[in-house]
Structure formats: C-alpha cells, structure tokens
Amino acid sequence: MKLTLNHDHELPSGALGLAITPDGSVAFAACADGALYEVDTASGKAEAFKDRHPSFASGCVLLPDGRTVISGGYDGMLLWHDVENRHCWRRLQAHRFWNWQLALAPDGRRLAAVTGQYLPGGWKYEPAAENEPSVKVYDTHSGDRLAAFSHTPPVLSCAFSPDGQHLAAANMMGEVRVWNLQADEKPVAQWTSPDFTSWGTTKTHHYCGGIYGLAFSPDGASLLGCGMGPMRDPMAGNGKMTWQRWNWLKGERMDQIKDGQHGSGLMETVAWHPDGTHFVMAGRQAQGTWNAAVFSAADGSLVHSVDTKQRITQARFTADGRSLIISGAKGQARRKEGIWPPWGRLQVYRVEA
C-alpha cells in the first residue's frame with residue numbers, strides 16, 4: 001500500500017482535531033485558534049463556524065446524518081454546531097479541565113470525551129488521583145451524560161469498538177482500560193505498557209509521554225495504540241516512535257513496531273484501512289526519515305512511509321479506503337505586522353495498492 005499526495009492545503013491555524021464526510025469531499029478541522037473550520041478537500045477553501053472555543057479546539061466529530069459537528073476544547077466544553085448555518089446550538093460543560101480527545105460510536109448515538117491534568121500525587125511524582133471522572137460518555141442527540149468512568153489522569157485517547165459495545169481509553173502512564181458500555185463501571189480489561197511513558201532524569205524530573213492514539217481493528221479483535229517510547233530528557237521529545245497492538249480481551253500484546261523501522265518523536269494518531277489489512281501511524285518527528293507510515297496488519301512490517309515536514313495530529317481514511325486525509329500544523333506561527341500567517345495544514349493522499 002502506497003500513499004501519494006494529491007492536495008496540500010493551508011489552514012488559518014494549527015489543526016488538532018479532524019472529522020471527514022464518508023467520501024472525503026469535506027473535512028472539519030478543530031484548530032488552535034479555537035475555531036472549527038469546514039474545508040473543501042479539493043480546493044482547500046476553509047470557512048469558519050460562527051462560534052468558537054476561547055482556547056484550543058482539540059477535537060471534533062461529524063454525526064452520521066452529516067448535519068451536526070460536535071467539537072471539544074481546552075475549555076472543557078462540548079459545542080454542537082449546525083453544518084448548514086454554522087451556528088452553535090448547544091453548549092455543554094463536559095470537564096473542568098482540558099478535553100484531550102473525542103470519539104464517536106459507529107452509530108453516532110454516543111460521544112466519548114477524555115480529560116485529566118498531570119499533578120504529582122507523591123514524592124515519586126506518580127500522577128495524583130482524578131478530581132472528576134476522566135472518561136465520560138454523552139448522548140449526541142439529547143446531550144445527556146450516559147456514563148462516567150474512572151482512570152488515572154491525564155487520559156489522552158479513546159476509541160469505540162466497531163460494534164459500539166466497548167470503549168477503550170489510555171493515559172500518560174501507558175495504562176489502557178476497556179469498559180463494556182452495557183455493564184457496570186468496572187473495566188472488563190486493563191493493562192499497562194511501560195513502553196509509552198518516560199521518567200525524566202535530565203533537566204527536569206517528571207513523567208511524560210503516553211498513548212496518544214487508539215483504534216480498534218475493523219473486526220474488533222484487537223486494539224492498536226501509538227505514542228512515544230522512553231527517553232532520558234522529556235524536554236527533547238526524542239523518544240522512540242512506537243505502536244503496539246493488543247488482544248484487548250486478554251490484555252496481551254500481539255505485536256509492536258519492529259527495531260530499525262522507527263525514528264524518534266511523538267506519534268499522535270493511528271487509523272485502520274477499512275479492509276483491515278493495513279494501518280497508518282503518524283505524528284511529529286524529532287529524528288528519522290518519516291512521520292507517517294503504513295504498516296501491514298499481517299506481520300507488523302513497515303510497507304511505505306512519507307515525511308510531510310510538519311506535525312500530523314489526525315489521520316482518517318475515507319469509507320472506500322481510496323484516500324487518506326491528515327491534519328496538522330507546520331511550525332509555530334508568529335504574528336507579522338499584527339497578522340497571523342496560516343500555519344495549519346490539511347493534506348489528502350491517494351491510497352494505492
């Protein structure tokens with residue numbers, strides 16, 4: 001499987017969240033300026049929705065009817081936006097701290113949102129206990145909270161199973177928990193991988209890292225996670241670019257990135273091709289030759305890679321698997337003569353056998 005760049009578009013601000021229509025003709029980008037943008041993926045024309053978050057907009061999802069986009073932000077709010085008139089028609093305070101990531105159930109009826117702040121809980125700098133449930137599930141139509149689950153903050157990623165019956169969430173310490181949404185609040189599976197967290201011994205002493213992307217395989221049998229491996233200097237951001245795949249029912253690792261096939265940097269997103277034969281991992285690179293790569297699900301080998309020269313925050317395949325759309329940012333913008341230059345990016349890749 002090979003990726004070929006078709007379109008490369010600028011966005012007014014760095015994109016942190018991404019949702020697309022099934023055919024990929026329209027994308028919705030949640031950006032660092034707090035705004036939600038509707039983007040024509042062919043022309044690159046971007047139009048902002050009228051209501052925005054006062055801080056970073058960190059994620060967004062498009063409901064299956066194509067009429068509503070829900071965005072989350074560092075203000076802890078969830079905003080329901082009407083696609084046609086671009087107005088916000090519902091505001092909900094989901095968290096008291098940042099909303100790190102959103103996930104939409106396959107049927108579009110439930111939305112998961114995760115939060116949490118890393119505060120030292122003891123002299124070993126282990127994370128303090130949460131002061132609110134770190135994982136919450138909402139009804140996308142009524143806005144009612146349907147469930148709340150405990151985790152160790154900060155919880156950075158979440159994903160629904162293909163049948164919508166299970167929800168997975170992972171944190172900075174490499175701990176993954178999976179809940180049955182039809183059962184009680186106790187996880188049905190729980191495990192920790194130390195390969196996704198770091199204790200700093202240079203310049204500063206604290207934990208960092210985590211599992212930034214989660215995705216169930218299309219058949220629901222396995223769970224894929226990505227992030228950054230251990231490093232001595234957390235401020236350098238040069239830990240191992242890594243992914244692992246687990247049998248989530250048993251909490252056992254099935255596969256992981258092969259030695260020699262990775263560089264250094266933080267991987268932020270994973271996405272399965274609809275046919276389940278391959279998956280993509282992408283993020284930001286500190287050292288190496290790629291920041292987005294395609295891997296074989298059969299043996300975990302790297303089959304194709306690209307270096308986009310930018311940070312990638314989200315990756316989404318179209319429903320037919322023929323295109324991959326990624327969002328991100330290029331550098332950190334600096335205002336010139338009172339004007340902010342565009343530093344967000346949206347790229348469309350053609351997927352070829």
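Kirkwood radius and radius of gyration were both taken over the C-alpha atoms of the range 16-120, and their ratio Rg/Rh is 0.97. Of the GluC sites (Glu not before Pro) found in the range 267-353, the ones in coil according to DSSP and having at most 12 other Cβ atoms within 10 Å of their Cβ are E337. The trypsin sites (Lys or Arg not before Pro) found in the range 140-214 that occupy coil by DSSP, while having at most 11 further C-beta atoms within 10 Å, are K203. Hull volume per residue, based on the alpha-carbon atoms of the chain and their convex hull, is 134 Å³. Backbone geometry of the range 158-163 corresponds, through the Karplus equation with coefficients 6.51, -1.76 and 1.60 at θ = phi - 60°, to 3J(HN,Hα) couplings of 7, 7, 8, 6, x, 8 Hz, x marking Gly and Pro. Annotation: amide H of S323 within the under-5 Å range of T318, V351, sequence separation 5 or more or interchain, hydrogens built in the peptide plane.
For the range 47-66 versus the range 292-353, the inter-centroid distance based on Cα atoms is 19 Å.
Neighbours of F196, meaning other residues whose beta-carbon lies under 11 angstrom from its beta-carbon, give a summed charge of -1 when Lys and Arg score +1 and Asp and Glu score -1. Once the chain from K309 to R109 is taken as fully extended at 0.36 nm per residue, the excess over their C-alpha distance is 68.3 nm. Computed on the chain, with alpha-carbon pairs under 8 angstrom and 6+ residues apart, the relative contact order is 15 percent.
Applying a DSSP loop filter and a limit of 11 other Cβ atoms within 10 Å to the trypsin sites (Lys or Arg not before Pro) in the range 32-84 leaves K45, R67. Note on the chain: GNM, Cα springs under 10 Å; of P194, P22, P274, the largest mean-square fluctuation is that of P194.
Partners of K250 within straight-line reach, counting lysines whose Cα lies under 19 Å from its Cα and excluding those fewer than 8 residues away in the same chain: K186.
Readers should treat all values here as calculations from the given coordinates under stated rules, not as data from a laboratory. Computed from a predicted model, the values in this text were never measured in an experiment. Backbone-built Cβ (ideal geometry, glycine too); neighbour counts: all protein chains shown.
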